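To keep things clear, I will list the structure first and then write my remarks on it.
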């Protein structure tokens, strides 16, 4: 009985090749788009959840940009007692690039250029739980 239905379905698919290609192509395209959207949503919902207290960490921004003025941290600290920790992250000091002086054991200093530097407050690592490897 099942083999009869299968034979009829195969004959119908062979008879209407254009419609079969359109239907199978549409199904494949729809499934691919669904999987891509699902992967994107899962990535967005899992972002920065490796921090210990990720549920109580908030980012403050004004308007459409994620930039605020530096004195805002002091104003929040003074006026909102519910805030336990506040840290500022600045990547634009020096245009995101900075020159650091590193002196070795022989006291000869070398100037090196480093890119993608973030300047943060002292309590940055109290708020965020990054694994640190100094070397």
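The values are calculated or read from the model by the stated rules, or taken from the named source; none is laboratory data. Keep in mind the model is a prediction, meaning the values are calculated, not measured. With ideal geometry, Cβ positions are generated from the backbone for all residues, glycine too; neighbour counts draw on all protein chains shown.
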message: For residue 66, only one of the following conditions fails: (1) more than 29 Å from the chain's Cα centre (by Cα); (2) surrounded by 10 or more Cβ atoms within 10 Å (Cβ to Cβ). What is its number?
response: (1)
Number of the condition not met by residue 89 [criteria: (1) touching a strand residue (DSSP E or B) at 6+ places or on another chain (Cβ under 7 Å); (2) modelled with pLDDT under 75]: (2)
- line: Checked the stretch 57-78 for anything touching a residue at least 24 places away in the same chain (Cβ under 8 Å) and part of a helix (DSSP H, G or I); matches are 73
- request: Name the one entry in 80, 18, 76 that is surrounded by 10 or more Cβ atoms within 10 Å (Cβ to Cβ), modelled with pLDDT of 80 or more and either over 21 Å from the mean Cα position of the chain (by Cα) or under 28 Å from residue 125 (Cα atoms) (or both).
  value: 76
